[in-house]
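Below is one structure, written out as structure tokens; the observations come after it.
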Amino acid sequence: MSNHHVYKKVEVVGSSTTSIEEAIQHAVAETSKTVRNVEWFEVQETRGHIVDGKVAHYQVVVKVGFRIENS
């Protein structure tokens, strides 16, 4: 086992009609389906869509960090 780790980050966009938190959850959950060793996330941007004066959709740009295997 190595005494150091190397990580990489991918940028994804999560969305939700309910909340920013749910948009983050969707981004992390979907990334975890195809990327191994996911360990953290960083929210880079938050935005939304407005319909009839109300928030209709939340969107977050998230960087998801994962450990490179055998590092």
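Read-outs: derived from the displayed coordinates by stated rules, not from any lab. None of these values were measured; they are calculated from a predicted model.
Key figures
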quantity	calculated
From phi via Karplus (6.51, -1.76, 1.60), per-residue ³J(HN,Hα) for segment 9-19 in Hz, x at Gly/Pro	10, 10, 9, 10, 10, x, 9, 7, 8, 9, 6
Calculated from backbone phi, Karplus (6.51, -1.76, 1.60) coupling profile of segment 51-60 in Hz, x at Gly/Pro	10, 6, x, 10, 5, 10, 7, 9, 9, 10
For segment 23-32, Karplus couplings with θ = phi - 60° (6.51, -1.76, 1.60), whole Hz, Gly/Pro x	4, 5, 4, 4, 4, 5, 4, 5, 5, 5
